[in-house]
Structures are given as structure tokens and as C-alpha cells.
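Report on the following structure.
The values are calculated or read from the model by the stated rules, or taken from the named source; none is laboratory data. Here the structure is a predicted model, which means the values were calculated and not measured. In this analysis, Cβ positions are derived from the backbone assuming ideal geometry, glycine residues included, and neighbour counts consider all displayed protein chains.
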Amino acid sequence: MGQHTPYEALDDGEGLPGSRGEHILQRLFATRDRAERFYERQVVDRLTPHMRDFVARQEMVFVGTADAAGNCDTSFRAGPPGFVRVVDDGRLMYPEFRGNGVLASLGNIMENAHISLLFVDFFEDLVGLHVNGPATITTAYDAARRYGLADEDRTAPGRRAERWVMVEVEEAYIHCSKHIPLLTRQDRRERGPQARRPAGDDYFGVGRVRSVTREPEEAGKSAG
């Protein structure tokens, strides 16, 4: 019987951007040439002037983090154009406002500093930008003192950033427009009553499911 080549032997991507896993799969699936062209043409270790301008126009960003064990979480942040601030070509910062108190993204950063940001322009250019690198958490006071960052979110008067996340750019690269849908903005007040979500925060019916689950349990306790 023939011998199988260990996956590790296929990892000859030293010096290339990306992970060991992607380098191995590029060899297995014969995509290395395409990958190397992409790395050479699109991946940089700092923000270009066009990238900085792009970030300054964006109103939303998807935030990917993982804890020390690799358990992942993806979150969504939004604000007025430029709510993610470009400090310089190697750093950017986004605000953290009061939320549900879980602090999943920040908790992951405490354990594992690696973060991945994805900006997508759904309204005009239909293109995205990935920014990856280590993140640190700073207070709103320190962000204002050191970087002159205002703590107000102009989309909600009186809402203030409780803290900021600094991201140091290790990788920045394009997300192509091929499958990005064109969206149009709509005023929430014009959506009509049929678009309103159910009362409270239980849009997905978790509370109803849990109440049904509790009933048999409580009945069993009463019977006991």
C-alpha cells in the first residue's frame, strides 16, 4: 500500500501571509498559484490611503474574535460614517457602547488578542476590506486623552462610548464584490407596522421555548 504524505509536509508556505492550515490546503487542492498571486497583489501589512478613506466612509463592521480555546464569536458594530477611527496606517480603533452586559468580544480579546474586522460597502462600491491583527482594550478617557477621540455616537444623542478597542494592522486585504448584494437605505420610521418585531427582545422566541421546557420539569418536581 502507498504511504500517505503527512499534512505537515505540505506546509511549504514559509514567508507567505496566512495560516499554516491554508498553506496546506492550497497544496492539497492545487490553488497555491492563485493564492500567491492574491498575496502578492492584495495583502499588505498596513492600511493604504485608499483603505483609510474606505474605513472613514463605513457605517458598519463585523467583528470576529475567539477565546483561548478557539471558541469563536462574531459580532456587529454600527455607527455614523467614520465611527471606526483610523489612527494611522498601522492602527485603527472602534468604540464599545453599552450593550447586553455579556462582553463576549472584549472577553475573548482578554484571552486571545487576535481579532478580524470585515468592513463591507453594501450601498455604493460593493466591496469589502479585511483587517486582522492584535487588539487591546482602552478606556474612553484614555482614548480621548491620547488620541483625541470623542466618545459620543452621533446616531443616538447622549449615547457614549464606554471603552475603545485598538487594532494593530498585521494584514489588510480586499473582499471582492462578486457576491456582495446591493442594498438601499430605508428610514426605520417608514417601514410600517408589519415590519415591527415582537414586543420585547424575544424576536426568536427563546423565552417561549424555555417556558415550554420548564413546564414538564416543574411538573416532575411537583409529582416528586
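No other residue among Arg214, Arg185 is among the basic types (Lys, Arg), modelled with pLDDT of 75 or more and not assigned by TED's automatic domain parsing to the domain that holds Pro95 apart from Arg185. From the list Arg37, Arg41, Arg27, the lone residue that is surrounded by 16 or more Cβ atoms within 10 Å (Cβ to Cβ) and either at pLDDT 90 or above or assigned to a helix (DSSP H, G or I) (or both) is Arg27.
Return yes when Asn132 is at pLDDT 95 or above and over 30 Å from Lys178 (Cβ atoms) and no when it is not.
no
Restricting the first member to the stretch 124-148 and to residues that are under 22 Å from Gln58 (Cα atoms) and touching a residue at least 60 places away in the same chain (Cβ under 8 Å), and the second to residues that are crowded, with 16+ Cβ neighbours inside 10 Å and of a type in the set (Gly, Ala, Ser), the beta-carbon pairs closer than 6 Å and six or more apart or on different chains are Val131/Ala172.
Among the residues of the stretch 66-100, those identified as part of a strand (DSSP E or B) and in contact (Cβ under 8 Å) with a residue 60 or more places away in the chain are Ala78, Arg85, Val87, Arg91, Leu92, Met93, Tyr94, Pro95, Glu96. All of Gly82, Gly90, Gly107 fail the test of being assigned by TED's automatic domain parsing to the domain that holds Arg57, of a type in the set (Gly, Ala, Ser), modelled with pLDDT under 95 and surrounded by 12 or more Cβ atoms within 10 Å (Cβ to Cβ), apart from Gly82. Among the residues of the stretch 44-64, those that are among the charged types (D, E, K, R) and not in a loop (DSSP other than H, G, I, E, B) comprise Arg52, Asp53, Arg57.
Filtering the stretch 49-79 to residues that are over 21 Å from Thr138 (Cα atoms) and crowded, with 18+ Cβ neighbours inside 10 Å leaves Met51, Phe54, Gln58, Glu59. A count restricted to the stretch 112-126 and to residues that are farther than 27 Å from Ala68 by Cβ and assigned to a strand (DSSP E or B) stands at 2. Across the stretch 89-111, the number of residues qualifying as hydroxyl-bearing (Ser, Thr, Tyr) and over 25 Å from Ala69 (Cβ atoms) comes to 0.
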